[in-house]
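Where a number appears in this text, it was derived from the coordinates with a stated rule and is not lab data. This structure is a prediction, so every number in the text was calculated from the model and none was measured. All Cβ positions, even for glycine, are placed from backbone atoms using ideal geometry, and neighbour counts span all protein chains on display.
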Amino acid sequence: MTAGEPSAIDDAGWEAEPPASFVRPFLLTAGRIAGGDSLVPPIPIETQVVATDLGLAALDAFVFEQHRDIIAICREPQSLAEIAAKLRMHLNVIRVLADDLRADGQLVLYAPAHSNRDVTVLRRVIDGLRAVPDSRGAIREG
């Protein structure tokens, strides 16, 4: 859908979601998985990603639309989690593709220092997510 184009509304009045990609995730990553090299852990989900000038200049030359979409979204800093959510792609696929684009000089990744992690913040986030009721209104138990 392009700017100015009306969004599709289904019979129930909900805005229709864009169609999912026909390319399977394992094809996009050539069967590679995030953190597949046991010496290198997966890129943390909170890592900030920014497109480089080289990446923006090559925007129209990408073979896979997913690469182009990642670069386009990263004109402004985005976390890996935000990219995955906005593109409706699996986080581990985004990790692999972002690392490939970084290796080609088209993205810059800013990973957080691990020494600054506060476990209490993570515990509060988990507890907050558990407090959100599911579709039946039931709260998850610990």
By average C-beta atoms within 10 angstrom, highest first, the peptides 127-133, 67-73 | 67-73, 127-133
Specify whether the C-alpha gyration tensor of the range 62-110 places it in the rounded, prolate or oblate class, a ≥ b ≥ c being the square roots of the eigenvalues: rounded for a/c under 1.5, otherwise prolate if a/b is larger than b/c and oblate if not.
-> rounded
Give me the number: length gained by fully extending residue 124 to residue 56, i.e. 0.36 nm times residue separation minus the C-alpha to C-alpha distance, one decimal in nm.
-> 20.7 nm
